[in-house]
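Q: Attaching a single structure in structure tokens format; questions to follow.
The values are calculated or read from the model by the stated rules, or taken from the named source; none is laboratory data. What you are looking at is a predicted structure, and each value in this text was computed from that prediction instead of being measured. Every residue, glycine among them, receives a Cβ derived from its backbone with ideal geometry; neighbour counts consider all protein chains shown.
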Amino acid sequence: MLVVLLEFLVLAVVVALAGTFLAKSADQIAEITRLGRLLIGSVLLAAATSLPELTVDLTAVRQGMPDLAVGDLFGSSLMNLLILASLRNVGGTQHFVDDPVRCGNQIAIQLRVCSR
């Protein structure tokens, strides 16, 4: 039990460090290519952070556990919607939706959909 807990903690630290490195690398790619942080974050960073979920889903289907794959897909989608919906109230009385330049048009559109 202790070995499993220790392994989990070590891997959680690795994931946190890798996520920080990935975000910094995405910022550098955006600066070098001048494509913009919104585009890089929406496409490259989103694709990179979705790869673990895709791996879990494909492995679950191959092992004959489609319920795990469906649960992962719905769970991650609902969590993303929950995060976006909660971001709507960040910033005091002014919502992100009211200031699309501040957070990017794509996020503003997603928040409008989530808030209805």
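Q: Does residue 64 satisfy the criteria of being surrounded by 12 or more Cβ atoms within 10 Å (Cβ to Cβ) and under 26 Å from residue 77 (Cβ atoms)? Full working, then the answer.
A: Values: surrounded by 12 or more Cβ atoms within 10 Å (Cβ to Cβ): no; under 26 Å from residue 77 (Cβ atoms): yes.
The answer is no for residue 64.
Q: Among the residues of region 1-46, how many are among the aromatic types (Phe, Trp, Tyr) and touching a residue at least 40 places away in the same chain (Cβ under 8 Å)?
A: The initial filter retains those residues of region 1-46 that are among the aromatic types (Phe, Trp, Tyr), namely 8, 21.
Narrowing the set further to residues that are touching a residue at least 40 places away in the same chain (Cβ under 8 Å) leaves none.
Total satisfying the criteria: 0.
Q: Of 91, 104, 19, which residue is touching a helix residue (DSSP H, G or I) at 6+ places or on another chain (Cβ under 6 Å), surrounded by 13 or more Cβ atoms within 10 Å (Cβ to Cβ), small (Gly, Ala, Ser) and at pLDDT below 85? Working first, answer last.
A: Numbers: 91 fails: touching a helix residue (DSSP H, G or I) at 6+ places or on another chain (Cβ under 6 Å); 19 fails: touching a helix residue (DSSP H, G or I) at 6+ places or on another chain (Cβ under 6 Å).
Result: 104 is the single residue among 91, 104, 19 that is touching a helix residue (DSSP H, G or I) at 6+ places or on another chain (Cβ under 6 Å), surrounded by 13 or more Cβ atoms within 10 Å (Cβ to Cβ), small (Gly, Ala, Ser) and at pLDDT below 85.
Q: Condition (residue is out of contact with any Pro (no Cβ under 7 Å at 6 or more places or on another chain), among the β-branched types (Val, Ile, Thr) and in a loop (DSSP other than H, G, I, E, B)) applied to region 50-62: is it met by at least one residue?
A: Among the residues of region 50-62, not one is out of contact with any Pro (no Cβ under 7 Å at 6 or more places or on another chain), among the β-branched types (Val, Ile, Thr) and in a loop (DSSP other than H, G, I, E, B), which makes the answer no.
Q: Just to be sure I understand the filter: pairs with C-beta atoms under 7 Å, separated by 6 or more residues or on different chains, first member in region 59-86 and under 18 Å from residue 49 (Cα atoms), second member part of a helix (DSSP H, G or I) and among the β-branched types (Val, Ile, Thr). Which pairs pass?
A: Pairs found: 69/61; 72/56.
Q: I would also like to ask the following. Does residue 69 satisfy the criteria of being modelled with pLDDT of 80 or more, assigned to a helix (DSSP H, G or I) and touching a Leu at 6+ places or on another chain (Cβ under 7 Å)? Quick ask: steps written out before the conclusion?
A: Numbers: modelled with pLDDT of 80 or more: yes; assigned to a helix (DSSP H, G or I): yes; touching a Leu at 6+ places or on another chain (Cβ under 7 Å): no.
Against the criterion (modelled with pLDDT of 80 or more, assigned to a helix (DSSP H, G or I) and touching a Leu at 6+ places or on another chain (Cβ under 7 Å)), residue 69 does not qualify.
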